[in-house]
Every structure is written in structure tokens, then in C-alpha cells.
Amino acid sequence: MISEKMQQAFLEQINKELFSEYLYLSMKAYFANLNLAGFVNWMDVQVQEEHAHAMGMFDYVIQRNGKIELFEIEKPQNNWNSPLDVFKAVLAHEEYVTSRINALLDVAESEKDRAAIIFLNWYLKEQVEEEANVGGVLAQLELIGDDKNALLALDKELAQRTYVAPVIG
Ligand code: OFO
């Protein structure tokens, strides 16, 4: 069984994970319009990961005999000034998500819900990886500046990213 307070925190986070999926889908469209297929691929992997994060929590709430309620998903931004601008926004968003996972852990600790703590630890580790991964691309974009050839080389590199369904929990 899951407490009301814990359940509410999970439901809010499911909404944020779905918003993340939506945001990255919007960024994918931005890169598609720029014909940067590697960046499109990178965002596509990100979209799938966020969906998996949302569904992991969705399944967990049900497994704990909780009740799912879905909330409205906020409209994401749909234009940016440059690929660099996009990745600055991605990093800021991932840092925000990390703060939300930490807030969820605060609730789990105050509710003495040890199962939720173990479950959420996976998400916290995932955020460390995500921030490092995004920070890596952002650092490359900062080095690239206005060099179009270097941007195309990075695009080729990002085309290599593949989605691996995460084993959550
Ligand atoms: Fe769901 O981890 Fe990124 O946002």
C-alpha cells in the first residue's frame, strides 16, 4: 500500500516525466527542421527514455495498490535560437528534474516508505547519468561555436546513440 502523500508525489512526477517527453519531442521537431538527423536521433532516444521513466512510476503506483490520476500536460516551448540554446535548456530541465526526484525522496523518507526510497534511487542515479550526458554535448557545442563543419561532425556522432529500454527499480 502507498500513502496518499506518496501517491500524490508520484502522480505529479509522472506528469513531469510526460512533460519531459513532450519537451524533447518539441526539440526533436526543431532539429528536424534544421535537417540535423543526428540531433533528431538523440532527441528521439531522449523521448523514449522519458516515456519509460513515466511508465516506470505509473506501473509502480499500480503495483503498490495506488490509484492513477493523469494530469494535464503543459505546452512545451517550440522554438530556440540555436542547437547550443537547446542544450542549455536540456541541462536546465534535467537539473530541475533531479531536484524533483530529490523532493520525492524527501517525501519517501518522511513517510518512512523504504520501498519507494529503493525504487527512487534508480531515478536519482539515472539523473546523474543524464546530466553528465547532456553536459557532454553542451560542452562540445560551446567549443564548436559557429563552425558548421564541426556541428555536422557532432551531428554524425549523435546519430550513433541507440535506445536501450531501462530496467527500472
Ligand atoms: Fe526522466 O529523466 Fe530526464 O528528465
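The values are calculated or read from the model by the stated rules, or taken from the named source; none is laboratory data. Computed from a predicted model, the values in this text were never measured in an experiment. Here the Cβ positions follow ideal geometry from the backbone for every residue, glycine too, while neighbour counts run over all protein chains shown. For the accessible areas, the whole protein counts, side chains as well, though only heavy atoms, and no ligand, DNA or RNA atoms are used. Shrake-Rupley method; radii C 1.70, N 1.55, O 1.52, S 1.80 Å.
If you filter segment 107-123 down to residues that are on the phi < 0 side of the Ramachandran plot and over 23 Å from the mean Cα position of the chain (by Cα), you find that the one that is least open to solvent (accessible area, probe 1.4 Å) is D113.
Only one entry of Q48, Q13 meets the criterion of being open to solvent by less than 10 Å² (accessible area, probe 1.4 Å) and within 15 Å of the chain's Cα centre (by Cα), and that entry is Q13. For segment 83-98, check the following and say yes or no: at least one residue is farther than 25 Å from N121 by Cβ and free of Cβ contacts under 8 Å to residues at least 12 places away in the same chain. Scanning segment 83-98 turns up at least one residue that is farther than 25 Å from N121 by Cβ and free of Cβ contacts under 8 Å to residues at least 12 places away in the same chain.
Of the residues making up segment 63-84, those that are in contact with a helix residue (DSSP H, G or I) (Cβ under 9 Å, 6 or more places away or on another chain) and over 21 Å from L11 (Cβ atoms) are Q77, N78, N79, W80, S82, P83, L84. The set of residues in segment 129-146 that are without any contact (Cβ under 8 Å) to a residue 24 or more places away in the chain and either loosely packed, with under 13 Cβ neighbours inside 10 Å or outside any helix (DSSP H, G or I) (or both) comprises E129, A132, G136, A139, L143, G145, D146. Residues in segment 1-19 that are touching a residue at least 40 places away in the same chain (Cβ under 8 Å), assigned to a helix (DSSP H, G or I) and more than 16 Å from the ligand (Cβ to nearest atom): K5, M6, Q7. Go through segment 20-41 and count every residue that is within 13 Å of the ligand (Cβ to nearest atom) and under 18 Å from K88 (Cβ atoms). Going through segment 20-41 one residue at a time, the tally reaches 4. Taking the criterion of being away from the ligand (no atom under 16 Å from the Cβ), closer than 19 Å to V134 by Cβ and not in a helix (DSSP H, G or I), the residues of segment 44-89 that qualify are W80, N81, S82.
Considering E126, E94, the condition of being open to solvent by less than 20 Å² (accessible area, probe 1.4 Å), within 15 Å of the ligand (Cβ to nearest atom) and not in a loop (DSSP other than H, G, I, E, B) is satisfied by E94 alone.
One residue stands out in segment 58-77 among those that are in contact with a Phe, Trp or Tyr (Cβ under 7 Å, 6 or more places away or on another chain) and free of Cβ contacts under 8 Å to residues at least 60 places away in the same chain: the one that is surrounded by the fewest Cβ atoms within 10 Å (Cβ to Cβ), namely E74. Residues of segment 147-156 that are open to solvent by 100 Å² or more (accessible area, probe 1.4 Å) and either in contact (Cβ under 8 Å) with a residue 60 or more places away in the chain or in contact with a Lys or Arg (Cβ under 8 Å, 6 or more places away or on another chain) (or both): K156 alone.
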